Amino acid sequence: MTEVRDFTFPTQLDVRVRQADLGRDGSVSTTGVARWLEDARLRVRLRRFERLVAAGQFDPFHILLVSQRVERLAPVGRADAGIQVHTGVRRIGRSSFTFEHAVFVGSKRVGSGEATIVLSGAAGPLALPDELIADLADLQLPESGQTGMTRPGAERHQRDHYAYFAPLRARIGDVDSNQHVNFIALATWYDEAITAFALEAIGLGEGGLVPDLAPWSYRIQYVGEVTYPGDYEIGIRVRAFDDDSVDSVHYELGIFRGGKCLGVADAIGPRGELSTKS
């Protein structure tokens, strides 16, 4: 899909493709796009709020990601030039706000995303101060009629909703400055679980060529903190798949520690070459 570059987004960030952004097919992975969107959010200046915090007039807080959407709409390679992430604010609530992103190569839109942010204090979410609301209002996008991410149903938090589980162990390198597993690391966990599920379906033996089935779209809801050390399981359920030329699979995923659900996700990715039995 080709679209005219949308200058209604108030901020733009030039991006260079890094080796770590590339997937196995040589193009930027969905996780790589997620890193770009994070970089863009971190570079947004909220000057009134920054002055308030610097003056010690706002309670200590952590920035928590409540949900995010990342979509890779077209391949982007190392040779592509003129890559930009456009960022604006889609929604401002009493204790949370939502960034919206669009990724362009030249005039072609190649990615999109959104992220809902909460400021958390010792007792839980904090009300957004007037200074932050004013900063966010300066970045607010025109009304589009677009609805935000819908919250998955309560059944998604139950282990028996899922047909397959992939065990994973948190690594020290996954931990961020908030002392929990970083959201980028969690996205790679979902990739790992989908690959494990696909390998079992295919019946690939040791030493066989592992198919590249990483999703091109994620919608993730964060329910609780994933910490280190810890052993976890990713539950997987196939909601739908296309058996024609579209060749895609829709996954429902949940991350569990014992019986407790700590997050859920929806993903869409390639089906790959499967036998009739698989």
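The values are calculated or read from the model by the stated rules, or taken from the named source; none is laboratory data. It should be emphasised that the depicted structure is a prediction, and the values quoted were computed from it without experimental measurement. Glycine also receives a Cβ, built like all others from the backbone with ideal geometry; neighbour counts cover every protein chain displayed. Keep in mind that these areas ignore ligands, DNA and RNA; they rest on the heavy atoms of the full protein, side chains included. Shrake-Rupley method; radii C 1.70, N 1.55, O 1.52, S 1.80 Å.
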Quiz item: Rounded, prolate or oblate: which fits region 68-170, taking a ≥ b ≥ c as square roots of the Cα gyration tensor eigenvalues, rounded meaning a/c under 1.5, else prolate when a/b beats b/c?
Solution: oblate
Quiz item: Which value, in Å², gives the accessible area per residue of region 34-100 when a 1.4 Å probe is used on the protein heavy atoms?
Solution: 53
Practice problem: Take each complete run of DSSP H in the chain, measure how far its Cα atoms stretch along the helix's own axis, and keep only those covering 20 Å or more with mean Kyte-Doolittle hydropathy at least 0.0; list them. | Solution: 183-202
Practice problem: Could you tell me which of rounded, prolate or oblate describes region 33-82, using a ≥ b ≥ c as the square roots of the eigenvalues of the alpha-carbon gyration tensor, with rounded for a/c under 1.5 and, failing that, prolate when a/b is larger than b/c and oblate otherwise? | Solution: prolate
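Full extension from residue 58 to residue 137: what is 0.36 nm times the residue separation minus their Cα-Cα distance, to one decimal in nm?
Full-extension gain reported as 26.5 nm.
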Exercise. Once you have a ≥ b ≥ c as the square roots of the Cα gyration tensor eigenvalues for region 57-100, tell me rounded if a/c is under 1.5, and otherwise prolate or oblate according to whether a/b is larger than b/c.
Key: prolate
Practice problem: Normalising by the residue count of the chain, find the relative contact order in percent from Cα pairs under 8 Å and 6+ residues apart. | Solution: 18
Quiz item: With every protein chain left in place, what is the accessible area of residue 38 in Å² (1.4 Å probe, nearest 10)?
Solution: 50
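Where does the charge balance sit around residue 87 when Lys and Arg score +1, Asp and Glu -1, over other residues with C-beta under 9 Å from its C-beta?
With Lys, Arg at +1 and Asp, Glu at -1, the neighbours total +1.
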Exercise. Using 0.36 nm per residue of separation minus the Cα-Cα distance, give me the extension gain between residue 231 and residue 20 in nm, one decimal.
Key: 73.4 nm
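With r as the distance between the Cβ atoms of residue 51 and residue 184 and R0 = 51 Å, compute the FRET efficiency 1/(1 + (r/R0)^6) and round to 0.05.
Efficiency, rounded to the nearest 0.05: 0.95.
Dividing the Cα convex hull volume of region 1-151 by residue count, how many Å³ per residue is that?
Expressed per residue, the convex hull around the Cα atoms of region 1-151 is 132 Å³.
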Practice problem: Using only alpha carbon pairs under 8 Å that are at least six residues apart, calculate the relative contact order of region 11-140 and give it in whole percent. | Solution: 29
Quiz item: Where does the chain land at 222 nm, in deg cm²/dmol rounded to the nearest 500, when only DSSP H runs of n ≥ 4 count, each adding -39500 (n - 2.57), divided by all residues?
Solution: -5500 deg cm²/dmol
Quiz item: Can you give the accessible area of residue 159, probe radius 1.4 Å, in Å² rounded to 10?
Solution: 80
Quiz prompt | Amide N proximity, region 24-41 versus residue 199 label position 7 Å along Cα-to-Cβ, cut-off under 19 Å | solution = 24-25
Practice problem: Would you mind telling me the share, in percent, of accessible area of the chain contributed by carbon and sulfur at probe 1.4 angstrom? | Solution: 51
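Run the dipole for the chain about the Cα centre, Lys and Arg Cβ at +1, Asp and Glu Cβ at -1, nothing else charged, and hand back the magnitude in debye, nearest 20. Spell out each step's value before the answer.
Details: 31 positive and 37 negative charges, 103 e Å.
The calculation lands at about 500 debye.
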Practice problem: Over all directions, average the projected area of the Cα convex hull of the chain and note it in nm². | Solution: 16.4
Self-check item: Nearest-10 value in Å² for the accessible area of residue 177, using the 1.4 Å probe
Solution: 100
